[in-house]
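*Asks:* Please read through the structure below; I'll follow up with questions.
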Amino acid sequence: MPDLILSSGFLAFSRHIGVLRAIEARSIPVDAIVGTSSGALVGALWAAGLRADDIQQLLTGLAPWRLLRPNSQPWHGVLTTSAFLEFVRPHLPPTFADLPHPLAVGVVDARGKHQLLTAGPLAQAVVASCAMPHVFAAVRVGQGLFADGGAADRLALGPWRQWRPGHSAIAHQVNRSAGVDLPLDLTDVTLVRTPRSGASFRSLGDVAGQAREAQACAERALDGQQPR
């Protein structure tokens, strides 16, 4: 049973939704999930039991600018994630331990070192993974302050292997908009690549159309290449 890894990608929720729809259409069982930034939010919602169509319905029509709040200490990040946290919190269980699937979200700590968070308050961890450094203030999760893990590793294949040694995976990499792409070791990994979403803080754009494009990319990658 493969794991699922969802990369960062600027507001690329629709691309991840399309990949999930391809996996659901093939009834591929997934064990653990790793997500970073937009991949953390979509992965967490899916791990919590929402289907791809449910996630699409939740996010369609979302105007990200409505969730932006200025930070009173802009030297720590121009914007805060407080409104985004309130948007996310009702759709997720309180902690990682309450999920039916193991989940890890990619973050960087105050020193810029990459970590996978796998325990503790879930909504805060997911929002931290979406907090682009310098744009958003870091988010407190437990005793630490964390931000978007894509700043150090957009896909987190290496950290996934450390967390889940000996497992295979389906990995979805959205084309880079920001952050760091490290060299990829694709041993036991089926890689799905999709274009940037074209979303902005003003609008997520045509979520349904972008998801269909991503689903087609995923179907081509998955045909005859499913992990052992």
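*Asks:* Report the net charge of residues surrounding GLN115, where surrounding means a beta-carbon distance below 11 angstrom and charges are Lys +1, Arg +1, Asp -1, Glu -1.
*Replies:* Details: positive: ARG111, LYS113; negative: ASP109, ASP153.
Around GLN115, the charge tally is 0.
*Asks:* Here's a follow-up. With the cut-off at 1.5 for a/c, could you classify region 165-219 from its C-alpha gyration tensor as rounded, prolate or oblate?
*Replies:* oblate
*Asks:* In vacuum, with every alpha carbon of region 120-173 counted as one equal point scatterer, what does the Debye formula give for log10 I(q)/I(0) at q = 0.19, 0.28, 0.29 Å⁻¹? Two decimals, please.
*Replies:* Here log10 of I(q) over I(0) equals -0.75, -1.07, -1.09.
*Asks:* If you consider only alpha-carbon coordinates, what radius of gyration and Dmax does region 116-205 have, in Å?
*Replies:* Here Rg and the maximum Cα pair distance are 14.5, 42 Å.
*Asks:* Using only the alpha-carbon atoms, what does region 1-130 span along each of its principal axes? Please give whole angstrom values in decreasing order.
*Replies:* Ordered largest first, region 1-130 gives principal extents of 47, 33, 24 Å.
*Asks:* How many Å² of accessible area per residue for the chain, probe 1.4 Å?
*Replies:* On the way: 10060 Å² over 228 residues.
So the chain comes to 44 Å² accessible per residue, rounded to a whole number.
*Asks:* What size of dipole, in debye to the nearest 20, comes out for region 2-160 about its Cα centre when the only charges are +1 on Lys and Arg C-beta atoms and -1 on Asp and Glu C-beta atoms?
*Replies:* It comes to approximately 320 debye.
*Asks:* Count the net charge of all other residues whose Cβ sits under 13 Å from the Cβ of ARG176, scoring Lys and Arg as +1 and Asp and Glu as -1.
*Replies:* Result for the neighbourhood of ARG176: +2.
*Asks:* Quick check on region 4-44: take the gyration tensor over C-alpha atoms, sort the square-rooted eigenvalues as a ≥ b ≥ c, and tell me if it's rounded (a/c under 1.5), prolate or oblate. Don't jump to the answer; show the numbers that get you there.
*Replies:* Working: a/c = 3.01, a/b = 1.48, b/c = 2.03.
Verdict is oblate for region 4-44.
*Asks:* At a 1.4 Å probe radius, carbon and sulfur cover how many percent of the accessible area of the chain?
*Replies:* Taking all protein chains in place, the chain shows 52 percent carbon and sulfur surface.
*Asks:* Given a cut-off of under 8 Å on Cα pairs at least six residues apart, what relative contact order in percent is computed for region 94-228?
*Replies:* With pairs under 8 Å counted, the relative contact order is 17 percent.
*Asks:* Beyond 33 Å, what share of the Cα-Cα pairs of the chain remains, rounded to the nearest whole percent?
*Replies:* Taking all Cα-Cα pairs of the chain, the fraction more than 33 Å apart is 8 percent.
*Asks:* Now for a separate question. Using alpha-carbon pairs under 8 Å, 6+ residues apart, how would you state the relative contact order of the chain in percent?
*Replies:* Normalised by residue count, the contact order of the chain is 30 percent.
*Asks:* May I pose another question? Could you work out how far helix 207-222 tilts from the main Cα principal axis of the chain, as a 0 to 90 degree angle to the nearest 10?
*Replies:* That helix lies at roughly 40 degrees to the long axis.
The values are calculated or read from the model by the stated rules, or taken from the named source; none is laboratory data. Please read all numbers here as calculations on a predicted model, not as lab measurements. Here Cβ is always computed from backbone atoms with ideal geometry, including for glycine, and neighbour counts include all displayed protein chains. Areas reflect the complete protein model, heavy atoms only, side chains present, ligands, DNA and RNA absent. Shrake-Rupley method; radii C 1.70, N 1.55, O 1.52, S 1.80 Å.
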